[in-house]
There are 2 protein chains.
Amino acid sequence: MHPLRAYIHRFVPLTEAEWAPLAAGITPRTLRRKQNFVTQDQPALELALVVSGACRLLYTRPDGEERTTYFFFENHLMGSYQSCLTGQPSQFSIQALAPTELLTFPYALLRRLFDEFPVYERFGRLLAEYHLLGTDARLAELLLLSPEQRYQALLRSHKTKILERVPQQYVASYLGVTPVSLSRIRARVQAEDEGSR
Amino acid sequence: MHPLRAYIHRFVPLTEAEWAPLAAGITPRTLRRKQNFVTQDQPALELALVVSGACRLLYTRPDGEERTTYFFFENHLMGSYQSCLTGQPSQFSIQALAPTELLTFPYALLRRLFDEFPVYERFGRLLAEYHLLGTDARLAELLLLSPEQRYQALLRSHKTKILERVPQQYVASYLGVTPVSLSRIRARVQAEDEGSR
DNA sequence: GGAAAACGTTAACAAAAGCTAAGGAATTGG
DNA sequence: CCAATTCCTTAGCTTTTGTTAACGTTTTCC
């Protein structure tokens, strides 16, 4: 099955007649390392399914500092929800961490399908709800746990792909600490693990 | 117009025929100060519109410590999305900060309306999307700003209701710091403001 | 293959936050 | 209206994080 159709199928089933118009609007695209799919302060009216590779979502602060807040791997759908919904410039960038293959399509097409096919509207609801649960959990983790506890939670989570495939400085940002601090936390955790062995 | 109908109307218009079945399922309820609408570790299968009063969303940690992560005032819809969607026990409580009037209804009713009326499915999508934008912004703020900057951002935001109506210890939790630390931050910020006057 | 860039660790110091405790002000609720 | 509770601030001390910088390793990509 087409990768995007398979992605949608995890939420709702699509008939051929429902799938065809979306399929017609898809453009494949590749990104080199460090190339942007979304660029901060520019409108980003497309969504993309990652077919292979990896990307990070980052905010560039007024002082030039970058903060990475999210990662996307194979079979993740990504884009600037906020820019697509409001039409305003995106508040963040999405940048390839390695060579990446995408399937892109305009959000406007999806919006048209919301009107035309109830099944897409349902997909849209379930997708937003699914992301909301994830973001809420992330927010709770940031407010409930210390940096060290967040690192340990990541170690024990099902997101270890992040630790394996993402440079540590970006993981630090994702956990809400500086790279230096994460390095210290790791040394501390390792020492604790040695002790309890 | 009925307060709940008015709330929904900000997203989609409802005909009488669409509104009637939801209206039939509404139960008014009042909470005393410190009384729970949702209790952690128990299923919470109802949603509620706050008609008057105020509530906080809080997590109680294994060590007994509480962390407040959200507030609800008049015309806010609240509930445990996660518990409603999955049927699992809620991971947090929702507790009244002051005497509060609610209009409650079962999530199962809304789910039935999703199937029956496309307009409700659209409402569900828009509601989830709206909350997602808010949660994303909150997450970015936590990862991008220092505690002091977060306090200043709150001061300058359109959420000053929080500062006016919520005990400061809960605001501290919401900002991701201890009450003692927020008190120090306030002293610091005030000193800076005096200096620049 | 090799130069350049990116990356992780460590150290030393400064700044900020956490913790505990105590005192006094404000709010609540009968 | 008054007693009990809740709440905010301040202080002293400890722990953690941020910052800057230096060094060695790894990765990237001509």
Open item on the list: I'd like the Karplus ³J(HN,Hα) series for the stretch A:159-171: coefficients 6.51, -1.76, 1.60, θ = phi - 60°, whole numbers in Hz, and an x wherever there's a Gly or Pro.
Closed with: 10, 5, 3, 4, 5, 7, 10, 10, x, 4, 4, 7, 4
Open item on the list: Quick check for me: using +1 on Lys/Arg Cβ and -1 on Asp/Glu Cβ, what's the dipole size of the protein assembly as shown about its Cα centre, in debye to the nearest 20?
Closed with: 680 debye
Task: Local electrostatic count at A:Q82 - Lys and Arg +1, Asp and Glu -1, tallied over other residues with Cβ under 11 Å - done: -2
- [ ] In nm to one decimal, list the spacings between the B:G87 label point and its equivalents in the other copies, with label points set 7 Å along Cα to Cβ, shortest first.
- [x] 4.3
TODO: Report, for A:A17, each distance to the same residue's label point in the other copies, shortest first and in nm; define the point 7 Å along Cα→Cβ.
DONE: 2.2
- [ ] Starting from the Cα of A:L77, step 7 Å along the direction of its Cβ; do the same at A:E16; then give the gap between the two resulting points in nm.
- [x] 2.4 nm
- [ ] Once the label point is placed 7 Å from Cα along Cβ, list for A:D115 the distances to the corresponding points in the other copies, in nm, shortest first.
- [x] 2.9
- [ ] Give the cross-link partners of A:K161 among the lysines, using a straight C-alpha distance below 22 Å as the criterion and excluding same-chain residues fewer than 8 apart.
- [x] A:K34
Task: Summed side-chain charge close to B:R5 - residues other than B:R5 whose Cβ falls under 13 Å, Lys, Arg +1, Asp, Glu -1 - done: -1
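Taken together, the values in this text are just the output of simple stated rules run on the coordinates, not laboratory data. Bear in mind the structure is a predicted one, so any value in this text is a computation, not a measurement. So basically every Cβ, Gly included, is an ideal-geometry build from the backbone, and we count neighbours across all protein chains shown.
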